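**Q** Can you keep this structure in mind? I'll have questions shortly.
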Amino acid sequence: MTAAAVHIALIASPERWRSERELLRRLAIGLLGEGAAVTVVEPAPERDPESVLPELVRSERRFEVPRRLNYEVRVPFWRREERLNRMVSAFERSMPDLVWAAGADGWDFATQLADACDRPVALELRSDADLKFAPRALRSDRVVALVTPCEPLARVARSIVSEQFVRVVPLGVRVDESLPPRIGPARIIAIIGEGRDERPFAAALRAAHAALERFPELLFLVEFPLGTGSSLWRFARALGMLNRITAVDAAAVGGRLAMTAVSACDVLISTEPHGGPRPEVLAALGRAVPVIAAADPMCDALVDGETALLLPAGETQSVVWTDALLATLDHPDQAREMAARGRALVVARYRSSVAASACLATALDLVRGGPLRFVPAQP
């Protein structure tokens, strides 16, 4: 089977679509550029039951590139078969060869769709938090691969399934071919977190406040994680920092806006481990932005002193975060050298073209047979 002959149904889970839709679209475009056919199956927008405005329905374009289909996320159990039948009917003109499940919160739907289409399914294991979804999803005999973005997560995957079922396909982030050199001192610091623990985030805010005493020109782009916005807002107000902060409460806008901060910042602070590569951190490294981050054994792009300045996961002492931030600001040449090494790693492993090529190679291998030869039922 050639690249032009393979058709991939890219199933975007609600969480992945909310937080990473641009990355998924870039992957789909990259796959098209490699010669594959792609259908992006995305969650349908949820309608506010109290809205009096007419519902906007996007008409399907037969020759849309990449082709897009919507699915309802929440349906009563008695309508689930109807939902699957509609999806199968939508694929009748071109049935996918492989279902690719992007987002563990969509694994159940993806395996059900694969079963309805009589096709194999690959599940993306994007972080160690996805492991809680694995036992249920792996009961499906349609699953032919667990796909991880890096080798540390691949080792975790090999502990729950046989080695031949594990594939590594990196995340793909945009990397500008020519990056102008950074001139002058850092002025804009971005702070992002995961929302599982407010204390490291609060410590990073205290470090930012301390850095203002030495560098009064600093500005901060802060993304308050889901579920923590109100309390961290109050903390920032108590520090008297609101006039130096441009902040977004992720809960208020329904998703992450950290990519905007990454595109503008001179230093990125990531306060908690993601449990795997976080796209915003990879994008910052790809822009040669110095990164200060909580150590994450599941992210091989973060190497202490080599590509980023790492602190112990769960570090809550503000003095530790302050020392790391001041070391970066006081020694800009060393910080830029470290950032250049981070950029080189991302260019080699995590750029969009590399991800698309690896995804297609994996899809072709799985459709041809891969570790478990899968033969669709004959009509």
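The values are calculated or read from the model by the stated rules, or taken from the named source; none is laboratory data. Every value quoted in this text rests on a predicted model; they were computed, and no experiment measured them. FYI the Cβ positions are ideal-geometry reconstructions off the backbone, even for glycines, and counts take in every protein chain you see.
**Q** Answer yes if at least one residue in the range 4-20 is closer than 18 Å to VAL175 by Cα and at pLDDT below 90, and no otherwise. Don't jump to the end; show me each part of the working.
**A** Taking the range 4-20 as the starting set, the residues that turn out to be closer than 18 Å to VAL175 by Cα are 20.
The next check asks that each one be at pLDDT below 90; those that pass are 20.
The answer is yes; a qualifying residue exists.
**Q** Which residue is farthest from ALA129 (Cα to Cα), if the candidates are limited to the range 178-207 and must be assigned to a helix (DSSP H, G or I) and not hydrophobic (A, V, I, L, M, F, W, C)?
**A** ARG206
**Q** Residues in the range 357-367: is at least one under 17 Å from the mean Cα position of the chain (by Cα), modelled with pLDDT of 95 or more, more than 20 Å from ILE192 (Cβ to Cβ) and not in a loop (DSSP other than H, G, I, E, B)?
**A** Within the range 357-367, the first condition is being under 17 Å from the mean Cα position of the chain (by Cα), and the residues that meet it are 358-359.
Now narrow it down to the ones that are modelled with pLDDT of 95 or more: 358-359.
Keeping just the survivors that are more than 20 Å from ILE192 (Cβ to Cβ) gives 358-359.
Applying the additional criterion that residues be not in a loop (DSSP other than H, G, I, E, B) yields 358-359.
Yes, the range 357-367 has at least one match.
**Q** Looking for whichever is at pLDDT 90 or above, assigned to a loop (DSSP other than H, G, I, E, B) and closer than 23 Å to ARG343 by Cα here; the options are ARG126, ARG139. Which one fits?
**A** Values: ARG139 fails: closer than 23 Å to ARG343 by Cα.
When all the criteria are applied, what remains is ARG126.
**Q** May I pose another question? Considering only residues of the range 208-234 that are assigned to a helix (DSSP H, G or I) and at pLDDT below 85, which is farthest from GLU15 (Cα to Cα)? Don't jump to the end; show me each part of the working.
**A** Applying the first criterion (assigned to a helix (DSSP H, G or I)) to the range 208-234 yields 208-214, 229-234.
Retained after the next criterion (residues that are at pLDDT below 85): 229-234.
Numbers: GLY229: 19, SER230: 22, SER231: 23, LEU232: 23, TRP233: 24, ARG234: 27 Å.
Restricting to residues being assigned to a helix (DSSP H, G or I) and at pLDDT below 85, the top hit is ARG234.
**Q** Also: Of these, ALA344, ALA356, ALA361, which one is free of Cβ contacts under 8 Å to residues at least 40 places away in the same chain, closer than 29 Å to ARG158 by Cβ and assigned by TED's automatic domain parsing to the domain that holds VAL38?
**A** Testing whether each residue is free of Cβ contacts under 8 Å to residues at least 40 places away in the same chain, closer than 29 Å to ARG158 by Cβ and assigned by TED's automatic domain parsing to the domain that holds VAL38 leaves just ALA361.
**Q** Moving to a separate point now. Looking at the range 66-120, which of its residues are surrounded by fewer than 21 Cβ atoms within 10 Å (Cβ to Cβ), of a type in the set (Asp, Glu) and not in a helix (DSSP H, G or I)?
**A** Within the range 66-120, GLU72, GLU92, ASP118 qualify.
**Q** If a residue has to be in a loop (DSSP other than H, G, I, E, B) and either of a type in the set (D, E, K, R) or touching a Lys or Arg at 6+ places or on another chain (Cβ under 9 Å) (or both) to count, how many in the range 275-309 make the cut? If you could, list the steps in order and put the result at the bottom.
**A** Taking the range 275-309 and keeping what is in a loop (DSSP other than H, G, I, E, B), we get 275-278, 287-290, 295-303, 305-307.
Adding the requirement that they be either of a type in the set (D, E, K, R) or touching a Lys or Arg at 6+ places or on another chain (Cβ under 9 Å) (or both) leaves 275-278, 287-290, 296, 299-301, 303, 306-307.
Residues meeting the conditions: 15.
**Q** If you check LEU372 against the conditions, is it under 20 Å from VAL169 (Cβ atoms), at pLDDT 95 or above and surrounded by 14 or more Cβ atoms within 10 Å (Cβ to Cβ)?
**A** Working: under 20 Å from VAL169 (Cβ atoms): yes; at pLDDT 95 or above: no; surrounded by 14 or more Cβ atoms within 10 Å (Cβ to Cβ): yes.
The answer is no for LEU372.
**Q** Starting from residues that are within 14 Å of ALA283 (Cα to Cα) and of a type in the set (Lys, Arg), keep the ones in the range 334-351 and report whichever is surrounded by the fewest Cβ atoms within 10 Å (Cβ to Cβ).
**A** Here is the first cut: in the range 334-351, the ones within 14 Å of ALA283 (Cα to Cα) are 339-351.
So of that shortlist, the ones also of a type in the set (Lys, Arg) come out as 341, 343, 349, 351.
On the way: ARG341: 17, ARG343: 20, ARG349: 19, ARG351: 21.
Of everything passing the filter in the range 334-351, ARG341 is surrounded by the fewest Cβ atoms within 10 Å (Cβ to Cβ).
**Q** For SER127, are the conditions met, namely being among the polar types (S, T, N, Q) and out of contact with any Pro (no Cβ under 9 Å at 6 or more places or on another chain)? Let's see the steps before the verdict.
**A** Working: among the polar types (S, T, N, Q): yes; out of contact with any Pro (no Cβ under 9 Å at 6 or more places or on another chain): no.
It is false that SER127 is among the polar types (S, T, N, Q) and out of contact with any Pro (no Cβ under 9 Å at 6 or more places or on another chain).
**Q** Still on this structure, I have one more. If we keep just the residues of the range 155-187 that are in contact with a strand residue (DSSP E or B) (Cβ under 6 Å, 6 or more places away or on another chain) and buried (at least 18 other Cβ atoms within 10 Å of the Cβ), which is modelled with the lowest pLDDT?
**A** For the range 155-187, the residue satisfying everything is ALA186.
**Q** Looking at GLY314 and the list (1) modelled with pLDDT of 95 or more; (2) within 25 Å of ASP128 (Cβ to Cβ), which single condition is not satisfied?
**A** The number of the failed condition is (1).
**Q** Restricting attention to the range 145-177, which residues are more than 24 Å from SER352 (Cα to Cα) and outside any helix (DSSP H, G or I)?
**A** If the condition is that a residue be more than 24 Å from SER352 (Cα to Cα) and outside any helix (DSSP H, G or I), then SER159, ILE160, VAL161, SER162 are the ones that fit.
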